[in-house]
Amino acid sequence: MMKSVTLLAGATVLAFGTMALADGHADVNPAVKARQSHMQLYAHNIAILGGMAQESVEYDAALAQIAADNLVALASINETTYWPEGTGNDMIEGVKALPAIWENMDDFMVKQDGMVTASAAMAEVAGTDLASVQGAIRDLGGACSACHREYRQRDD
Amino acid sequence: MRKRWFIGAGVVGIAVAYSVTATRPLAPERLEIGRIGSATDGALIFAAAGCGSCHSEDGTDALAGGKAFVSDFGTFYAPNISMDVDHGIGGWSDYDIANAMMAGVSPDGAHYYPAFPYTTYAKMDPPDALDLIAYLRTLPSDATPSRAHDVGFPFNIRRSLGGWKFLFAGTDWVMQDVDTPELERGRYLVEAMGHCAECHTPRNALGGLKTGEWMQGAANPSGEGRIPSLHPDDLGWSGGDIAYYLDTGFTPDFDTVGGEMVDVVENIAQLNDADRDAIAAYLLALD
């Protein structure tokens with residue numbers, strides 16, 4: 001009995017140890033995690049506005065304003081440290097950032113500025129009415145895909 | 001006796017090969033020659049057919065060409081199709097342009113490489129072709145010379161493309177049964193205009209589309225990533241999701257379109273809601 005408990009405990013420790021090791025082995029550059037999380041925060045807030053724009057969710061002026069203000073805040077973050085050399089899809093498996101980013105870093109940063117402009121335009125009108133959200137979300141999508149067009153690996 | 005039989009078979013073989021590889025220009029009677037197309041209507045055909053995505057490198061109206069298309073057979077460069085008389089197609093007749101688009105035959109009777117999706121445009125309604133041509137004639141000219149394709153032997157023998165066309169080109173619809181006007185419109189937009197299948201359908205060793213795996217995703221010819229399947233079982237999007245994506249570029253989880261598909265969405269966003277719904281209906285009807 002005692003022996004099997006010890007064995008179980010040992011196995012548990014081993015399992016957790018292995019998981020921790022596996023996590024360590026994944027060895028994802030923290031900058032990659034940071035920028036991917038940043039993208040998720042964008043998507044989360046755009047989804048709130050997008051659901052209203054698609055009329056799958058009822059328009060809520062206060063909520064729309066919150067989401068738009070969040071986008072402004074997210075776009076204001078300087079992303080310079082998100083993109084260290086050697087973190088493209090040619091170096092890290094599962095990453096979608098194309099090497100073109102590092103070949104055209106200036107253009108890449110200019111395209112990010114597009115997000116500043118588009119989110120500010122959204123924040124200006126988000127609390128007004130549904131039609132304004134439906135109008136402004138097009139440019140927001142355009143700002144996202146301006147980067148995704150050149151700098152993200154296309155796949156499913 | 002036996003020898004003569006061989007020679008006879010050889011002669012027949014050469015005759016067949018000669019005939020198969022000959023160009024088959026567009027039958028002039030398919031076009032209402034002399035009718036002037038509507039440039040206004042043609043602008044929408046231009047968007048639906050996605051001409052600018054390949055023939056303009058910088059997204060401007062000047063269709064100067066130059067964009068590279070890497071494939072297993074070599075690298076193709078989109079030619080200048082602006083109205084420049086020397087370097088574009090400004091000197092071509094309406095028939096010449098239609099013959100190029102719908103039969104893949106140049107004014108001097110040579111085959112075009114199927115990187116140019118004439119196998120799709122072959123299904124275009126001739127009045128739409130004339131409208132499109134009228135619109136092309138309103139666009140600015142550009143004197144940039146077309147770049148020669150970088151294609152090795154044996155694909156550099158254009159005559160052999162006659163055999164390719166014999167095997168893979170045709171005007172039959174892939175989706176045979178369309179029982180509503182919406183589905184028929186969707187089929188027209190997808191199979192005759194949008195040439196979605198050119199990327200989203202896998203190809204065989206000779207570069208012909210595997211119609212048995214229609215729209216089920218394919219390797220990216222550039223070697224990077226995969227082009228996704230649009231089959232409803234794989235995509236899992238509703239008709240509304242598809243139409244909204246084609247209008248705004250947003251996926252159902254509010255990621256956005258990327259890569260070459262950005263240009264496609266910009267084009268399809270110019271069509272009306274009914275057309276985007278029709279494309280969605282077509283994709284949902286794939287089997």
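Tabulated data for the structure shown
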read-out	value
Among the candidates A:80, A:87, A:117, residue that is loosely packed, with under 15 Cβ neighbours inside 10 Å and over 22 Å from residue B:254 (Cα atoms)	A:80
Subset of the range B:248-270 that is touching a helix residue (DSSP H, G or I) at 6+ places or on another chain (Cβ under 6 Å) and touching a residue at least 60 places away in the same chain (Cβ under 8 Å) - its residue that is surrounded by the most Cβ atoms within 10 Å (Cβ to Cβ)	B:268
Matching residues in the range A:94-117 - criterion: being free of Cβ contacts under 8 Å to residues at least 40 places away in the same chain and either hydrophobic (A, V, I, L, M, F, W, C) or more than 16 Å from residue A:35 (Cα to Cα) (or both)	A:102, A:103, A:105, A:106, A:109, A:110, A:114, A:117
Enumeration of residues in the range B:232-264 that are over 28 Å from residue B:69 (Cβ atoms) and hydroxyl-bearing (Ser, Thr, Tyr)	B:238, B:244
Options B:62, B:17: the member that is closer than 18 Å to residue B:165 by Cα, surrounded by 13 or more Cβ atoms within 10 Å (Cβ to Cβ) and out of contact with any helix residue (DSSP H, G or I) (no Cβ under 6 Å at 6 or more places or on another chain)	B:17
Residue A:69 being within 14 Å of chain B (Cβ to nearest Cβ) and farther than 24 Å from residue A:29 by Cβ	no
Cβ-Cβ under 8 Å pairs, at least 6 apart or on other chains, the range A:37-64 side at the interface with chain B (Cβ under 10 Å from one of its Cβ atoms) and under 18 Å from residue A:127 (Cβ atoms), far side buried (at least 21 other Cβ atoms within 10 Å of the Cβ) and among the acidic types (Asp, Glu)	none
Top-ranked residue in the range B:241-270 [being among the aromatic types (Phe, Trp, Tyr) and facing chain A (nearest Cβ under 8 Å); ranked as farthest from residue A:153 (Cα to Cα)]	B:244
Any hit, the range B:234-241, residues being under 20 Å from residue B:49 (Cα atoms) and open to solvent by less than 30 Å² (accessible area, probe 1.4 Å)	no
Matching helices (runs of 4 or more DSSP H) fully within the range B:192-287 where at least 2 residues are of a type in the set (Phe, Trp, Tyr)	B:239-248
Number of positions in the range B:209-229 that are open to solvent by less than 30 Å² (accessible area, probe 1.4 Å), among the hydrophobic types (A, V, I, L, M, F, W, C) and free of Cβ contacts under 8 Å to residues at least 60 places away in the same chain	2
Whichever residue in the range B:15-27 is of a type in the set (A, V, I, L, M) and part of a loop (DSSP other than H, G, I, E, B) and, among such residues, is farthest from residue B:92 (Cα to Cα)	B:22
Given (1) at pLDDT 95 or above; (2) loosely packed, with under 12 Cβ neighbours inside 10 Å; (3) not polar (S, T, N, Q), number of the condition residue B:97 does not satisfy	(2)
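The values are calculated or read from the model by the stated rules, or taken from the named source; none is laboratory data. Remember, it's a predicted structure, so these values are computed and weren't measured experimentally. Glycine gets a Cβ as well: all are built from the backbone with ideal geometry, and neighbour counts include every protein chain shown. Areas reflect the complete protein model, heavy atoms only, side chains present, ligands, DNA and RNA absent. Shrake-Rupley method; radii C 1.70, N 1.55, O 1.52, S 1.80 Å.
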